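Here's the structure, in structure tokens; my notes come after.
The values are calculated or read from the model by the stated rules, or taken from the named source; none is laboratory data. As the structure is a computational prediction, the values presented were derived from the model and not from experiment. With ideal geometry, Cβ positions are generated from the backbone for all residues, glycine too; neighbour counts draw on all protein chains shown. When the accessible area is computed, the model is the full protein with side chains, heavy atoms only, and any ligands, DNA or RNA have been set aside. Shrake-Rupley method; radii C 1.70, N 1.55, O 1.52, S 1.80 Å.
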Amino acid sequence: MGGELLGDAGLVITGLNGLVEAVPGELSFYGNPRYRRQYDATRASAVLVGREAEPREHVSLVRVANPHLAFAQISQLLHPRPTYEAGVRPGAHVHPEASVHPDATVMTGATVDKGARVGARAVLFPGAYVGEAAVVGEDSVLYPNVTVREHCLVGARVILHASCVVGADGFGFAFNPEGAQGPEHYKIPQAGIVRIEDDVEVGACTTIDRATLGETVIGRGTKIDNLVQIAHNVKVGPLSLLCAQAGVSGSSELGTGVVLAGQVGVVGHIRVGDMAKVGAQSGVAQDVEDGQVVSGTPAMPHREWLRTSAALGQLTELLKEVRTLRRRVEMLEKKEKGG
Amino acid sequence: MGGELLGDAGLVITGLNGLVEAVPGELSFYGNPRYRRQYDATRASAVLVGREAEPREHVSLVRVANPHLAFAQISQLLHPRPTYEAGVRPGAHVHPEASVHPDATVMTGATVDKGARVGARAVLFPGAYVGEAAVVGEDSVLYPNVTVREHCLVGARVILHASCVVGADGFGFAFNPEGAQGPEHYKIPQAGIVRIEDDVEVGACTTIDRATLGETVIGRGTKIDNLVQIAHNVKVGPLSLLCAQAGVSGSSELGTGVVLAGQVGVVGHIRVGDMAKVGAQSGVAQDVEDGQVVSGTPAMPHREWLRTSAALGQLTELLKEVRTLRRRVEMLEKKEKGG
Amino acid sequence: MGGELLGDAGLVITGLNGLVEAVPGELSFYGNPRYRRQYDATRASAVLVGREAEPREHVSLVRVANPHLAFAQISQLLHPRPTYEAGVRPGAHVHPEASVHPDATVMTGATVDKGARVGARAVLFPGAYVGEAAVVGEDSVLYPNVTVREHCLVGARVILHASCVVGADGFGFAFNPEGAQGPEHYKIPQAGIVRIEDDVEVGACTTIDRATLGETVIGRGTKIDNLVQIAHNVKVGPLSLLCAQAGVSGSSELGTGVVLAGQVGVVGHIRVGDMAKVGAQSGVAQDVEDGQVVSGTPAMPHREWLRTSAALGQLTELLKEVRTLRRRVEMLEKKEKGG
């Protein structure tokens, strides 16, 4: 890791853990001053720390550029991703016109439909479905009961968690007051696809709808948490983070490195700029500029929202205050008249 | 489409697209003045427009009564729904006492349980499950990994998107402080069903719970987006639209043509009237009258909510203002006394 | 039920129903004075009531300690849980190194992976997946398309509803500005598990992520509704109720008997105390003490939130009022100066 050791070079590390949970023998990390108290109290035998950290007694420190990242890298060494025997297992359903790389794994109960392609070292768990002419890139993993609908494109090193759905029809209807059976919501064909670029991760039970025409796109290296909704024709730029239960409405665009916290809603046809951040449960109703941090419903600059939230707590007080002021002003007015 | 052409009758249209995305050779539509700018700038060769639209140079126009609907209808001509070879495929699991119409398609890895019935031309994708004595009407589609639990009724021409769940147990418990093993949430049997009427569409990972007793009902022609929660004993009227991540609590009733925008929550045991509309992320805590448009948490008439939202933006200003006023009033009072 | 009958001992009850829905011949219950009107108007022939209820004409009453619970218990007698023929059915996929109790039922299309264990009388519906070395306790039910990932532990008498996901990777990344292919969100291995204790119920399409290290825990007897998100390393105490579409962020802790209403969000690394209650759609951003009832975003004591909500409705009025006051104060000041 390129770290500088302050402490016992002969120490044997038996495992990794958080600052709070670690027991003697374990290695932890401390990268965020918010966790200063936990750092001071940790029972870990060694801690990955920043370059400027001061030596401590009884705890070995390893100075690195990025303690969180170093911890993750060590953890990957200790917890390598499992490997699976290549091949199409008995009980898997691969259409004769599908193409599955010989180094891919298609587990029992997984389905690869007509014309679909599955790349080298890709892994399809039971219940995973790859629709007609869909493509799954190399080293990608489809956990159980994942659905990739027809014609959708999934890049390389993509992880699709259990029961996520890629390429369901977008929610598009034209109201027809005079349908054959009376008024109806006439279905607009959802004839586009979803394209998921390389190194994307999609959470469990997350849904990404296919475009009405053209593509819904999830950019390279973007990570999406569980139960997120991505509507038709949305474009998410690379390296964004979308936390659980967030939702993005049709045709909206998120830039590069955008962060949506949990349960955020983004209306349709707007743009959230590069590196913008949206606070939890916020409702974004109009464009957010590059780098802006917004919160609240409707979303406003985060600082403003903090002030407004604080002010809200004083609102009932304020109502009383104004009532009192009115009486005092009335009194003054009376006196002034009488005077 | 019964349209009136203004422009080049010999024009060959190569595809459909939105006003922004369209390239020369493509047909688009313009029905909402909100998109006037996009209409003026479109590169489409032809555009479906309203009856009153004025002719344009370089763009052929087709005047129709409802441009959005006409576009959808043309799109359906160009993108017909795929057809599937009828029959129960090898690797499908159909119980000997189930009844599957010979014109239905049951794909490999789909299951039809004891006593269930599947109608003509219905299509069950891999992983779709139709429980004991459940019914799926003709021309309905169950995408991969859909669950329809025992005894539930799904009408004709219904589309159930991937991983949606029809008929899971409602969330009902009676607290028992003196259970055999100590305090417990005693499960109230959820002995009712879900009935989905004709022409309904249910989004991916949407959950519709069975009734405690009786029926949870989704009315004819209603469309439900992804990740929506419909609790036990809810009745949704016909032709309603429920956008993604909305939730309706137990025993509530939505009328005809109701619109719930994304992430709306509706509490239990209330009624949202016919043609009512609820703005995104709103929390509806009491009855909404027919035709009302409400927003906010707790939901209020939409206009009032707009005013309140705007006022919220001035709240910190207001606090300062009131503080200043108080000082000025104090000053006046002092002078008045002193005077 | 140990009830005391007031009325016709020869009455034959033909079914159960709610106060509103019940028809003559049916039994209902009345335990909450909120439903007094429905009780007075019910057509039920008999009603379970509290110990203090007064006799009524034309309706037989049965006095019990807890009418809701008694109703649930009678309903369980009338609607016993279905039983399933034990055994591994043809078309089920049980790994040779897995262990399935002979009294368990593994339906066609269900999968039990290497080293997994399934207890007595457990039932796995089609599409259910039990990963490597995972454990499902006795009498538990996995409805269709449920995923239990590798090494996760599911207790006894647990109900996992359709398409819920236990043990997907937590959402954890360390930003690496200098990855091999450029900037990247480096995946932190999610090497822990999920442990679900006895008598838990998990709703359809609910997701419970495995811990980064250690365990995500759902305590004994806790009930979770549909579409709920439980992030990595969360600990939920026993006997809690988490309503639909609620979300709990990483490492947070809920105590015993906590209630989260629908669409609540809880940030990471906080504690919601024993018996605390959180109102619908609230955003909990800091610790909640034992027994507290909170609402709103950010969450505040419920009474305060009620006052604030009411005050919000007066906000536009207040703005006008303050403007008027300012003018009146200005007028007074002018006069004072002039005087």
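Can you tell me how chain B classifies by the Cα gyration tensor, rounded, prolate or oblate, using a/c under 1.5 as the rounded cut? Mind dumping the intermediate values first?
Details: a/c = 3.09, a/b = 1.15, b/c = 2.69.
Judged from the Cα gyration tensor, chain B comes out oblate (a/c at least 1.5, b/c at or above a/b).
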Next on the checklist: For A:ASP287, place a label point 7 Å from Cα along the Cα-to-Cβ direction in every copy; what are the distances to the other copies, in nm, shortest first?
Outcome noted: 4.5, 4.5
Item to check | Under 10 Å, Cβ to Cβ, from C:ARG81 - net charge with Lys/Arg +1 and Asp/Glu -1 | outcome: 0
Checklist entry - Of B:LYS114/B:LYS277; B:LYS223/C:LYS187; B:LYS235/C:LYS277; A:LYS223/C:LYS235, which pairs sit farther than 30 Å apart, going by alpha carbon to alpha carbon? => result B:LYS114/B:LYS277; B:LYS223/C:LYS187
Item to check | Accessible surface buried once B binds C (1.4 Å probe; total of both sides; Å²) | outcome: 4900 Å²
Checklist entry - GNM, chain B, Cα, under 10 Å: largest mean-square fluctuation among B:PRO144, B:PRO90, B:PRO238? => result B:PRO90
Next on the checklist: What is the sum of charges, Lys and Arg at +1 and Asp and Glu at -1, for the other residues whose Cβ falls under 11 Å from the Cβ of B:TYR129?
Outcome noted: -2
Checklist entry - For chain B, what is the calculated [θ] at 222 nm in deg cm²/dmol (nearest 500), taking -39500 (n - 2.57) for each run of four or more DSSP H residues and dividing by its residue count? => result -5000 deg cm²/dmol
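Classify segment B:4-78: rounded, prolate or oblate, from the alpha-carbon gyration tensor (a ≥ b ≥ c, eigenvalue square roots; a/c under 1.5 rounded; otherwise prolate if a/b is larger than b/c)?
Because its axes are fairly even, with a/c under 1.5, segment B:4-78 counts as rounded.
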Checklist entry - Per-residue accessible area for A:CYS152 at 1.4 Å probe radius, Å² rounded to 10? => result 0 Å²
Checklist entry - Of the accessible area of the protein assembly as shown, with the probe set at 1.4 angstrom, what percent is carbon plus sulfur? => result 52 percent
Item to check | Fraction of antiparallel bridges per DSSP, chain A only, in percent to nearest 5 | outcome: 15 percent
Item to check | Most to least accessible of B:ILE230, B:ILE193 (protein chains only, probe 1.4 Å) | outcome: B:ILE193, B:ILE230
Checklist entry - Can you tell me the accessible area per residue over chain C, all protein chains present, probe 1.4 angstrom, in square angstrom? => result 42 Å²
Checklist entry - How big is the accessible area of A:GLU97 in square angstrom, nearest 10, if you roll a 1.4 angstrom probe over the protein chains? => result 120 Å²
Checklist entry - In what sequence, largest accessible area first, do C:ARG121, A:ARG63 appear using a 1.4 Å probe? => result C:ARG121, A:ARG63
Checklist entry - Rounded to the nearest 5, what % of the DSSP beta bridges within the protein assembly as shown are antiparallel ones? => result 15 percent
Next on the checklist: With the cut-off at 1.5 for a/c, could you classify the protein assembly as shown from its C-alpha gyration tensor as rounded, prolate or oblate?
Outcome noted: rounded
Checklist entry - So for segment A:4-78, taking the charge dipole from beta-carbon charges (+1 Lys/Arg, -1 Asp/Glu), which of A:VAL12, A:HIS58, A:PHE29 sits furthest toward the positive end? => result A:PHE29
Checklist entry - Using a label point 7 angstrom from Cα along Cα-to-C-beta, what distances in nm, from shortest up, separate C:GLY115 from the other copies? => result 4.2, 4.2
Checklist entry - Measuring from a point 7 Å out along Cα→Cβ, what nm distances, shortest first, does C:VAL12 have to its partners in the other copies? => result 7.8, 7.9
Checklist entry - If you place +1 on the Cβ of every Lys and Arg, -1 on the Cβ of every Asp and Glu, and leave all else neutral, what size is the dipole of chain A about its Cα centre, to the nearest 20 Debye? => result 1320 debye
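Let me check I've understood the local charge: for C:ASP169, count other residues with C-beta under 13 angstrom from its C-beta, Lys and Arg +1, Asp and Glu -1. What total comes out?
+1
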Next on the checklist: At 1.4 Å probe size, what's the solvent-accessible area of C:SER249? Round to the nearest 10 Å².
Outcome noted: 50 Å²
Checklist entry - In the Gaussian network model of chain A, springs joining C-alpha atoms below 10 Å, which of A:LEU312, A:LEU239, A:LEU124 carries the largest mean-square fluctuation? => result A:LEU312
Checklist entry - So if R0 is 25 Å, what FRET efficiency would A:ASP103 and A:LEU78 give, r being the distance between their Cβ atoms, rounded to the nearest 0.05? => result 0.45
Checklist outcome for this item: Ordering C:ASP199, C:ASP103, C:ASP169, C:ASP287 by the accessible surface of their heavy atoms, 1.4 Å probe, largest first, yields C:ASP287, C:ASP103, C:ASP199, C:ASP169
Item to check | For chain B, built as a Gaussian network whose Cα springs stay under 10 Å, the top-fluctuating residue of B:LYS114, B:LYS320, B:LYS277 | outcome: B:LYS320
